[in-house]
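Peer 1: Here it is: the structure, laid out below.
The values are calculated or read from the model by the stated rules, or taken from the named source; none is laboratory data. This structure is a prediction, so every number in the text was calculated from the model and none was measured. No Cβ is skipped: glycine too gets one built from the backbone with ideal geometry, and neighbour counts run over all protein chains shown. Ligands, DNA and RNA are stripped out before the accessible areas are found, and what is left, the full protein with its side chains, is counted by its heavy atoms. Shrake-Rupley method; radii C 1.70, N 1.55, O 1.52, S 1.80 Å.
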Amino acid sequence: MMKILEDRIRQDGTVLTGNVLKVDNFLNHQVDPQLMNELGQEFARRFQDAHITKILTVESSGIAPAVMAGLHLNVPVIFARKHKSLTLTDNLYTAKVYSYTKQVTNEISIDRRFLAADDRVLIIDDFLANGQAVQGLLDIAKTAQITVAGVGVVIEKRFQKGHQMVTDAGIQLEALASIASFEAGQVIFAQD
Ligand code: 5GP
């Protein structure tokens, strides 16, 4: 656990219906660069021996923490796009991802030329809930035949399916804040 992050969640987070934690004043709408830098440093510390060559995330909320992790691990960061752009050609890896908060399915894509078979990637995202976003990136990694050396999330909701899914796959999972439950609008953090 990271005390400054837990304190910030207690101070600025609000619990919405549907087990959604709103943290849009420091993480995924307004962004606190100093906090992101500390999160990036912590990810780098936890994965320093994992021989990471690249970081993968999904736009848009994963980008800020992923870039900071990339800065401290000194590796490039690739974000999967949710919308096809005219500049994206057909040379893509794609996967379908059901969005927890938006309740729509997006096709995410990464240009093939940014992944090489000898890459060891670290997947970073803002939240881990049911694991759909991470699963989409795992699907792409599998198609691209690259190794996933770890998954790092800023906040995991441990009571949802994603935590189990990633650990069952034998992948090192690091959550900088781990939420055990929401009780009466309060965040209860896991005790380890
Ligand atoms: P999953 O794919 O693991 O089910 O959900 C993770 C994705 O949904 C994250 O990329 C994040 O954008 C969004 N998400 C899931 N749970 C929450 C939440 O409690 N609060 C916010 N703000 N986003 C969430």
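Peer 1: Output the residues belonging to the stretch 11-50 that are exposed (fewer than 15 other Cβ atoms within 10 Å of the Cβ), within 12 Å of the ligand (Cβ to nearest atom) and not hydrophobic (A, V, I, L, M, F, W, C).
Peer 2: THR14, THR17, GLY18, ASN19, LYS22, ASP24, HIS29
Peer 1: Taking into account only those residues within the stretch 166-185 that are in contact (Cβ under 8 Å) with a residue 40 or more places away in the chain and not in a strand (DSSP E or B), which is farthest from the ligand (Cβ to nearest atom)?
Peer 2: In this case the residue turns out to be GLN172.
Peer 1: Check ALA149, ALA144 and return the single one that is open to solvent by less than 60 Å² (accessible area, probe 1.4 Å), out of contact with any helix residue (DSSP H, G or I) (no Cβ under 9 Å at 6 or more places or on another chain) and modelled with pLDDT of 95 or more. I'd like the intermediate steps shown before the answer.
Peer 2: Values: ALA144 fails: out of contact with any helix residue (DSSP H, G or I) (no Cβ under 9 Å at 6 or more places or on another chain).
The match here is ALA149.
Peer 1: Do you know which residues across the stretch 112-139 are in a strand (DSSP E or B), away from the ligand (no atom under 16 Å from the Cβ) and open to solvent by 20 Å² or more (accessible area, probe 1.4 Å)? Give the derivation first.
Peer 2: Within the stretch 112-139, the subset in a strand (DSSP E or B) is 120-128.
Next, from what is left, pick out any that are away from the ligand (no atom under 16 Å from the Cβ): 120-121.
ARG120 - this is the single residue of the stretch 112-139 that is in a strand (DSSP E or B), away from the ligand (no atom under 16 Å from the Cβ) and open to solvent by 20 Å² or more (accessible area, probe 1.4 Å).
Peer 1: Here's another thing I want to ask about it. Restricting the stretch 96-111 to residues that are in contact with a strand residue (DSSP E or B) (Cβ under 8 Å, 6 or more places away or on another chain) and not in a strand (DSSP E or B), which is farthest from HIS51 (Cα to Cα)?
Peer 2: Quick first cut of the stretch 96-111, residues in contact with a strand residue (DSSP E or B) (Cβ under 8 Å, 6 or more places away or on another chain) only: 96-101, 104-111.
If we keep only those that are not in a strand (DSSP E or B) as well, we get 99-101, 104.
Values: SER99: 30, TYR100: 31, THR101: 33, VAL104: 35 Å.
Of everything passing the filter in the stretch 96-111, VAL104 is farthest from HIS51 (Cα to Cα).
Peer 1: Moving on. Give the number of residues within the stretch 147-165 that are within 12 Å of the ligand (Cβ to nearest atom) and farther than 15 Å from ASN19 by Cβ.
Peer 2: So the count comes out to 5.
Peer 1: Consider GLN160 carefully, then state whether it is farther than 19 Å from ILE110 by Cα, modelled with pLDDT of 95 or more and open to solvent by less than 30 Å² (accessible area, probe 1.4 Å).
Peer 2: Numbers: farther than 19 Å from ILE110 by Cα: yes; modelled with pLDDT of 95 or more: yes; open to solvent by less than 30 Å² (accessible area, probe 1.4 Å): yes.
The answer is yes for GLN160.
Peer 1: Now for a separate question. Being within 16 Å of the ligand (Cβ to nearest atom) and charged (D, E, K, R) is the filter; apply it to the stretch 99-111 and report the residue that is surrounded by the most Cβ atoms within 10 Å (Cβ to Cβ).
Peer 2: Restricting to residues being within 16 Å of the ligand (Cβ to nearest atom) and charged (D, E, K, R), the top hit is GLU107.
Peer 1: If a residue must be assigned to a strand (DSSP E or B) and closer than 16 Å to LYS96 by Cβ, how many such residues does the stretch 140-154 contain? Outline the logic, then answer.
Peer 2: Taking the stretch 140-154 and keeping what is assigned to a strand (DSSP E or B), we get 147-154.
Filter once more, keeping what is closer than 16 Å to LYS96 by Cβ: none.
So the count comes out to 0.
Peer 1: Select, from PHE43, PHE26, the only residue that is in contact (Cβ under 8 Å) with a residue 60 or more places away in the chain and under 28 Å from SER181 (Cβ atoms). Write out each step before concluding.
Peer 2: Working: PHE26 fails: in contact (Cβ under 8 Å) with a residue 60 or more places away in the chain.
Selected residue: PHE43, the only one of PHE43, PHE26 that is in contact (Cβ under 8 Å) with a residue 60 or more places away in the chain and under 28 Å from SER181 (Cβ atoms).
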